[in-house]
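Read the structure below first, then the notes.
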Amino acid sequence: MMIQLGDVVISLDIFKEKFLCDLNVCKGICCVEGDAGAPVTLDEVGELEDMLPVIWDDLSAGAQKVINEQGVVYSDSEGDLVTSIVNNKDCVFSYYNENGCCSCAIEKAYREGKTSFYKPMSCHLYPIRVSKLGDCVALNYHQWSVCKPAVLCGKCNNLPVYRFLKEPLIRRFGEKWYKDLEDAAEELKRRGVI
């Protein structure tokens, strides 16, 4: 079952499933594992290129080399634009902190007030994946084994996916839409659906 808010179709898993990143356990493995880089839009490519002077010193020598040779993105096997990766693993925008945790250099620059661009929307919205569904946008919960610590932490804190992702959902769809999402969640609870 799915619900629809405007032109957005939402899987019930986004209301039912629990999620809360636990970087102390996973060490940011989502920026390392996978078969391709993070999906990006054509508009985001310019943002990523503009970010380079701000984050260049935080990037690994390998990432700098890949960017110099290939650019910040490439087309994956399905023809989608994704962030470039180093040695078929790390996103070129990842960096490792003193605790060995992989993080996003773009997000770091944002939090330090060096840029207004947070990071690619697909990264910010994870574990929600956005896809086209006719004239609508579909939001689905993506289950990935590397995120088991986040699922456990989410269950311990009783934090549904949509609440964990409040900030990026507002960034993508707006505050009014998010308020409608919360209202829909309350109605689903009232009816015993979730």
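The values are calculated or read from the model by the stated rules, or taken from the named source; none is laboratory data. Here the structure is a predicted model, which is why all the values come from computation and not from measurement. Because the Cβ atoms are built from the backbone with ideal geometry, glycine has one as well, and the counts that use them run over all protein chains shown.
Points to keep in mind about this one:
- Under the condition of being among the basic types (Lys, Arg) and either modelled with pLDDT of 95 or more or assigned to a strand (DSSP E or B) (or both), the residues counted in region 1-28 number 2.
- Total residues in region 131-169, condition closer than 16 Å to GLN4 by Cβ and either in the same structural domain as THR83 (by TED's automatic domain parsing) or in a loop (DSSP other than H, G, I, E, B) (or both): 2
- Residues satisfying the stated conditions in region 124-163, i.e. closer than 18 Å to LEU188 by Cα and either of a type in the set (Phe, Trp, Tyr) or surrounded by 15 or more Cβ atoms within 10 Å (Cβ to Cβ) (or both): LEU139, ASN140, TYR141, LEU159, PRO160, VAL161, TYR162, ARG163
- Residue list for region 33-92, filter: within 16 Å of MET121 (Cα to Cα) and among the aromatic types (Phe, Trp, Tyr): none
- Unique residue being modelled with pLDDT of 90 or more, of a type in the set (A, V, I, L, M, F, W, C) and over 13 Å from VAL32 (Cα atoms) when the list is VAL92, VAL72: VAL72
- Close pairs from region 39-51: first in contact (Cβ under 8 Å) with a residue 24 or more places away in the chain, partner exposed (fewer than 13 other Cβ atoms within 10 Å of the Cβ), Cβ under 7 Å, at least 6 apart: none
- Residue in region 29-42 that is touching a strand residue (DSSP E or B) at 6+ places or on another chain (Cβ under 9 Å), at pLDDT 90 or above, surrounded by fewer than 18 Cβ atoms within 10 Å (Cβ to Cβ) and not aromatic (Phe, Trp, Tyr) present: yes
- Which listed residue, of TYR141, TYR118, is under 17 Å from the mean Cα position of the chain (by Cα) and at pLDDT below 95: TYR118
This table checks each residue for (1) within 30 Å of ALA185 (Cα to Cα); (2) outside the structural domain of ALA138 (by TED's automatic domain parsing); (3) polar (S, T, N, Q).
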position	(1), (2), (3)
VAL25	yes, yes, no
LEU42	no, yes, no
VAL45	no, yes, no
LEU48	no, yes, no
VAL54	no, yes, no
SER60	no, yes, yes
GLN70	no, yes, yes
TYR74	no, yes, no
